[in-house]
1. Just need a number here: residues in the range 183-195 that are open to solvent by 40 Å² or more (accessible area, probe 1.4 Å) and over 20 Å from CYS403 (Cα atoms).
2. Within the set of pairs 6 or more residues apart or between chains, which connect a residue that is farther than 16 Å from CYS403 by Cβ inside the range 377-388 to a residue that is hydrophobic (A, V, I, L, M, F, W, C) and assigned to a loop (DSSP other than H, G, I, E, B) with Cβ atoms less than 6 Å apart?
3. Return the residues of the range 405-421 that are assigned to a helix (DSSP H, G or I) and open to solvent by 30 Å² or more (accessible area, probe 1.4 Å); say none if nothing qualifies.
4. Say we look at the range 264-273 and pick out the residues that are within 16 Å of GLU88 (Cα to Cα) and not in a strand (DSSP E or B); which of these is most open to solvent (accessible area, probe 1.4 Å)?
5. Applying the selection to the range 155-182, what residues are within 25 Å of TYR111 (Cβ to Cβ), open to solvent by 50 Å² or more (accessible area, probe 1.4 Å) and at pLDDT 90 or above?
6. Exactly one of these conditions fails for THR322: (1) modelled with pLDDT of 90 or more; (2) buried (at least 20 other Cβ atoms within 10 Å of the Cβ); (3) under 28 Å from GLN369 (Cα atoms). Give me its number.
7. In the range 470-519, which residue that is in contact with a Pro (Cβ under 9 Å, 6 or more places away or on another chain) and open to solvent by 30 Å² or more (accessible area, probe 1.4 Å) is nearest to CYS230 (Cα to Cα)?
8. Scanning for something in a loop (DSSP other than H, G, I, E, B), acidic (Asp, Glu) and touching a residue at least 60 places away in the same chain (Cβ under 8 Å), does the range 280-302 turn up at least one residue?
Amino acid sequence: METSGEPQKEEKLIELFDSFRDLFNFFCSNTTIHGSVRLVCSSRNRLKTAFWSLLFLATFGMLYWQFGLLFDDYWKYSVIMTVSVHSEPKMFPSITLCDTNPHRSPLVEQYLENLDEFAQENIYSLYKLNITRRQAGGQGGPAASPNSGSPFRLDRRIYLEELNEGNVHKVGFRLCNSTGGDCFYRSHSSGVAAIQEWYQFHFINILALLPHHNETSHTDHDGHFIFTCCYNGEACQKQDYETFHHPVYGSCYTFNSRGMNDFWKANRPGLTHGISLILKAEQNNHLPLLTTEAGVKVMIHAQNQVPFLEHQGFSIRPGTETTIGVREDEVHRLGGQYGHCTKDGQDVDVQLLYNSAYSMQACLYSCFQELMVQTCGCGYYFYPLPKGAQYCNYNRHPAWGHCFYKLYQDLESHRLPCFSRCPKPCWESLYQLSAGVAKWPSAKSEDWILTTLGKKDASRTKRNSIAKVHIFYQHLNYRSVDETPTYSVTQLLSSMGSLWSLWFGSSVLSVMEMLELLLDAAALTFVLGYRRFLEPRQRSVEAPERAEDGARALSVQQDLSRLPWKMEAAAGSYLSGRGPQQAPPVGIALQGRFQEPWKPGPKT
């Protein structure tokens with residue numbers, strides 16, 4: 001019970017310590033940070049105080065040094081790959097098969113005959129080999145004479161040469177710019193590779209004369225490229241595949257190209273639940289200088305994507321049965337600050353020229369074709385054309401070959417901006433393949449198999465014109481490869497808490513205590529600074545003003561003491577030309593005691 005005489009101490013809203021010493025002692029005595037109390041309880045032992053002070057500062061420095069390393073890793077936005085395995089029914093991948101048998105379009109037959117004759121001349125000059133017109137791909141008759149009004153003339157200045165670079169013997173052909181001042185050789189140590197590239201270069205110039213979408217070479221097979229097809233024990237239908245023509249790989253068929261039909265949903269793994277095909281693999285010797293393969297070109301890819309057979313396709317040998325097991329991997333990328341990827345290609349500044357879903361390869365080709373049109377004035381025949389452009393032809397664009405190969409070398413060496421403009425997709429399916437090969441048909445069964453397939457003369461030449469392919473899921477288990485941040489916000493806070501607990505053994509409330517200490521120290525610094533520097537200056541300014549006010553008051557008292565009457569008079573009247581009027585009252589504030597001279601003073 002408080003006594004009435006004891007003064008009541010009023011509790012204030014904000015109270016500050018009188019000194020930094022009091023503030024520090026209070027913090028060290030009451031904080032939850034381990035070790036800080038030792039700075040107070042050992043205050044009478046200077047050695048211990050110095051030791052604990054240095055230990056406290058070293059611990060504090062180590063903590064924030066590791067905080068710096070932690071934030072440095074966080075702001076790098078690095079990722080880690082996590083692999084998880086899932087098991088569920090999957091859509092069967094798209095399968096593209098080509099017969100590697102490019103045909104001779106009747107619209108350019110005359111120009112191809114001239115090219116075959118020119119090829120014979122070049123091969124004979126290099127190897128003294130006199131091949132027949134039929135071996136070169138021609139029909140065996142006399143070549144048509146070039147017409148002066150023809151829209152195409154074969155450029156015979158681009159021919160094959162022997163090149164000796166030091167001790168290396170090479171074969172190649174020379175390409176020059178429009179002025180002829182800059183020339184270089186496209187050379188190969190293999191004569192086969194040099195002949196094929198040289199022939200393909202002239203072949204592209206001839207194909208540029210063809211109108212778009214005129215290729216219907218798959219109809220030449222009369223539907224016999226695919227002898228039999230069944231998937232999951234059921235026969236394939238015509239609507240299950242799409243056809244197109246590739247200038248090098250011939251007639252191509254893509255199964256399950258869109259992935260919209262439930263017929264292609266894989267519910268069980270294994271050889272009997274995949275796709276099984278018997279294919280025609282005979283060579284019609286249409287363009288043997290363009291492609292030297294015998295067999296079938298196959299590529300397994302995701303739905304609604306363009307098959308780039310020259311980069312990812314593999315070959316099936318004739319007269320064999322090939323089994324291909326497929327395992328799928330799904331890759332998920334974070335994008336944003338963690339990497340450059342795109343969800344659907346809408347945010348990519350490259351116009352995709354392919355009518356398909358986004359893929360990095362399709363974007364690279366579209367970017368290259370765009371630069372090709374801008375730099376060389378025409379487009380490369382193997383890639384789609386931008387709107388308003390035309391394909392390259394050395395009759396219209398004499399130096400396009402020089403421009404193309406220079407530009408393509410820059411693309412391969414990453415000197416073009418296409419790789420930075422074409423990010424990887426944020427989601428994509430990758431297929432891991434394993435294959436096995438066996439001789440097919442066997443010696444005991446080839447007669448009846450070939451007869452059943454319509455090969456009545458069951459000779460070995462006919463046997464080498466067919467191939468059998470099985471493609472199936474090895475397992476329905478698929479791996480999901482996901483990018484996850486090395487440090488998310490939650491992991492960052494958790495790591496910071498672990499470090500704080502390691503070095504100080506405290507919690508978030510201890511951090512608030514540190515913040516409170518800093519705020520109190522800042523407020524105390526301001527108050528003490530105000531008292532030290534501002535108050536003396538204010539007093540020095542106020543002192544002359546107070547002295548001047550005192551002097552004025554004293555002079556007024558002295559002047560008023562000489563007045564014979566009281567200045568504060570009642571309201572009276574004064575005279576004027578208009579008669580007596582009431583005078584305004586006048587009041588003067590007086591200091592001190594004044595006495596009228598006509599009044600007697602007080603009696604003593």
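The values are calculated or read from the model by the stated rules, or taken from the named source; none is laboratory data. Remember, predicted model here, so these are calculated numbers, not experimental data. Cβ atoms come from the backbone with ideal geometry, glycine included; neighbour counts cover every protein chain shown. SASA here: full protein model, heavy atoms, side chains in, ligands and nucleic acids out. Shrake-Rupley method; radii C 1.70, N 1.55, O 1.52, S 1.80 Å.
1. Here is the first cut: in the range 183-195, the ones open to solvent by 40 Å² or more (accessible area, probe 1.4 Å) are 183, 185-186, 188-190, 192.
Among the residues that remain, those that are also over 20 Å from CYS403 (Cα atoms) are: 189-190, 192.
The qualifying residues number 3.
2. PRO384/LEU353
3. Pass one, the range 405-421, residues assigned to a helix (DSSP H, G or I): 405-412, 418-421.
Once the filter is applied, which keeps residues that are assigned to a helix (DSSP H, G or I) and open to solvent by 30 Å² or more (accessible area, probe 1.4 Å), the range 405-421 yields LYS406, TYR408, GLN409, ASP410, GLU412, PHE419, SER420, ARG421.
4. Here is the first cut: in the range 264-273, the ones within 16 Å of GLU88 (Cα to Cα) are 264-270, 273.
Going one step further and asking which of them are not in a strand (DSSP E or B), we end up with 264, 267-270, 273.
Values: TRP264: 5, ASN267: 101, ARG268: 143, PRO269: 55, GLY270: 23, HIS273: 38 Å².
Applying the filter and picking the extreme gives ARG268.
5. Once the filter is applied, which keeps residues that are within 25 Å of TYR111 (Cβ to Cβ), open to solvent by 50 Å² or more (accessible area, probe 1.4 Å) and at pLDDT 90 or above, the range 155-182 yields ARG156, ARG157, TYR159, ARG174.
6. Single failed check for THR322: (3).
7. First, the residues of the range 470-519 that are in contact with a Pro (Cβ under 9 Å, 6 or more places away or on another chain): 471-477, 491.
Keeping just the survivors that are open to solvent by 30 Å² or more (accessible area, probe 1.4 Å) gives 472, 474-475, 477, 491.
Values: PHE472: 12, GLN474: 18, HIS475: 20, ASN477: 23, GLN491: 52 Å.
Ranking the qualifying residues of the range 470-519, first place goes to PHE472.
8. Residues of the range 280-302 in a loop (DSSP other than H, G, I, E, B): 281-295, 302.
Then keep just the ones that are acidic (Asp, Glu); that gives 282, 293.
Filter once more, keeping what is touching a residue at least 60 places away in the same chain (Cβ under 8 Å): 282, 293.
Yes: the range 280-302 contains one or more residues that are in a loop (DSSP other than H, G, I, E, B), acidic (Asp, Glu) and touching a residue at least 60 places away in the same chain (Cβ under 8 Å).
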